[in-house]
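The values are calculated or read from the model by the stated rules, or taken from the named source; none is laboratory data. All values reported here derive from a predicted model rather than from experimental measurement. All Cβ positions, even for glycine, are placed from backbone atoms using ideal geometry, and neighbour counts span all protein chains on display.
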C-alpha cells in the first residue's frame, strides 16, 4: 500500500499528515480552520484517500501559514508515496457539479510543478475563511507534489459551492491519476521527475 506520514515544523506551524492513496475515504482533520477542515474532508472522501491532518498554526495572525503549509506537507507526501511513479495513470480530468457551480480539475503527475488556477469568486470570504487561500493551498500541493494542475471554474455564483466543486474535482482527478494501470512509467523518457 502507498501509505505514509510526514511532519513539517516551522516557527509558524507544526503539521502532521498521514495519507493512504489506496484508502476508503476515512479522515480525521483538525487544522483550526473550520471551512478548510471541511474542504480537506471532502478531498479525502471523494478521492477515497485515508487521511489524517493535524495542524497547530499561528491562527492569531490568520489562516495563511496553516493552509499553505498543509498544502506543502500534503504535496511532499504525495510525491514521496508515488516514488518512481511506475504504473500510475499519470493524467486525469474531472468535472464536478455542486448545485449551480461547476468546476474542472486536470492533473498531470509530470514531475514539473505548475498551477493554473482560474477561479473567479464573487465574494472574498466564506464565513471567516479567506477564499484566496484556496489558490495558495492548491499551488503548494502542485509545487511540492511535482504536479501540473489546472483548476477552472466553469459556472457558479455561490462561493461555498464553487470552492467545494474545486476540491471535489481535484480529489477525483488525483484519485484517477494515481491509480495503478500498468507496470511501466508513462513517459517516453522512461522516467517522471
Is it the case that residue 92 is within 22 Å of residue 165 (Cα to Cα), modelled with pLDDT of 95 or more and not in a helix (DSSP H, G or I)?
yes
I need the full set of residues from the range 15-41 which are in a strand (DSSP E or B) and under 13 Å from the mean Cα position of the chain (by Cα), in order please.
17, 19
Looking at 60, 76, 80 in this structure, which one is surrounded by fewer than 17 Cβ atoms within 10 Å (Cβ to Cβ) and assigned to a helix (DSSP H, G or I)?
80
Please verify whether residue 98 is modelled with pLDDT of 95 or more and over 20 Å from residue 46 (Cα atoms), treating the condition exactly as stated.
no
Is it fair to say residue 119 is under 13 Å from the mean Cα position of the chain (by Cα), modelled with pLDDT of 95 or more, closer than 18 Å to residue 149 by Cβ and surrounded by 15 or more Cβ atoms within 10 Å (Cβ to Cβ)?
no
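Conditions tested, residue by residue: (1) under 15 Å from residue 78 (Cα atoms); (2) outside any strand (DSSP E or B); (3) out of contact with any helix residue (DSSP H, G or I) (no Cβ under 7 Å at 6 or more places or on another chain).
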position	(1), (2), (3)
110	yes, yes, yes
141	yes, yes, no
149	yes, no, no
154	no, no, yes
164	no, yes, no
188	no, yes, yes
Being more than 18 Å from residue 164 (Cβ to Cβ), touching a residue at least 40 places away in the same chain (Cβ under 8 Å) and in a strand (DSSP E or B), is that true of even one residue in the range 42-51?
yes
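Conditions tested, residue by residue: (1) more than 17 Å from residue 110 (Cβ to Cβ); (2) crowded, with 17+ Cβ neighbours inside 10 Å.
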{"position": "126", "(1), (2)": "yes, yes"}
{"position": "137", "(1), (2)": "yes, yes"}
{"position": "147", "(1), (2)": "no, yes"}
{"position": "159", "(1), (2)": "yes, yes"}
{"position": "166", "(1), (2)": "yes, yes"}
{"position": "169", "(1), (2)": "yes, yes"}
{"position": "178", "(1), (2)": "no, yes"}
{"position": "185", "(1), (2)": "no, yes"}
{"position": "188", "(1), (2)": "no, no"}
Is it the case, given these coordinates, that residue 116 is more than 23 Å from residue 31 (Cβ to Cβ) and part of a strand (DSSP E or B)?
yes
